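**Q** Structure provided below as structure tokens; questions to follow.
The values are calculated or read from the model by the stated rules, or taken from the named source; none is laboratory data. Quick caveat, the model's predicted, so the values are computed rather than measured. Cβ coordinates were reconstructed from backbone atoms using ideal geometry, including for glycine residues, and neighbour counts include every protein chain displayed. For accessibility, only protein heavy atoms count, side chains too; no ligands or nucleic acids. Shrake-Rupley method; radii C 1.70, N 1.55, O 1.52, S 1.80 Å.
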Amino acid sequence: AQFGATAGGLRDALDRDLEPAYSQWGNYCLSKAANVLFADELQRRFDAAGVRASAVSLHPGAVATDLARYLVSGTEAAEAGASSAEAFAAFNPLQRGALQAVRAFVLDVPEGASTQVYLAAGADTADGDLGAHGGLYYDRQRPATPNPATNDRELARRLWEVSEKLTGAKIVM
């Protein structure tokens, strides 16, 4: 959510029932912001209903997965389901250079999963209740500050309502 989600972009996506104009990075950023908003709204609903539970969201970091090949445009190999190596070979020299430059900052998969494991283990040892940590956003196993666009309670409520509408499911607590 840090790379470009804006309150206006989120409102537009909700106005379109989560079918905004597609762009790889734009939709990726919107999906990350929606994760934060949804967790915040779920925590508010837990609290209002007196449910002892915690909803949290997180940023796993830049992780060495195949996701990047879908986020770099102009790669027919990635769109055809090629392996990471095949997709990398199809990138133009500028794209290959950019990907090689960021490798120093990319986490391996176990490191990238560490925050999810940390939060799941914390919830397991606390019977699903992280206490004062519910509703927080985590980065590298610590509470962090998410994109400011995700601090809008009205957007979170609207996302919840649109999600119920689109799924046909209603969570009652």
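**Q** Between Lys170 and Val106, what is the label-to-label distance in nm when each label sits 7 Å out along the Cα-to-Cβ direction?
**A** My value for the distance between the label points is 4.6 nm.
**Q** Using a 7 Å offset from Cα along Cα-Cβ at Thr65, what residues in segment 7-35 end up with backbone N under 12 Å from the label point?
**A** Residues 32 fall inside that zone.
**Q** Please report the accessible area of Glu161 (heavy atoms, 1.4 Å probe, ligands and nucleic acids excluded) in Å², nearest 10.
**A** Solvent-accessible area, nearest 10 Å²: 80 Å².
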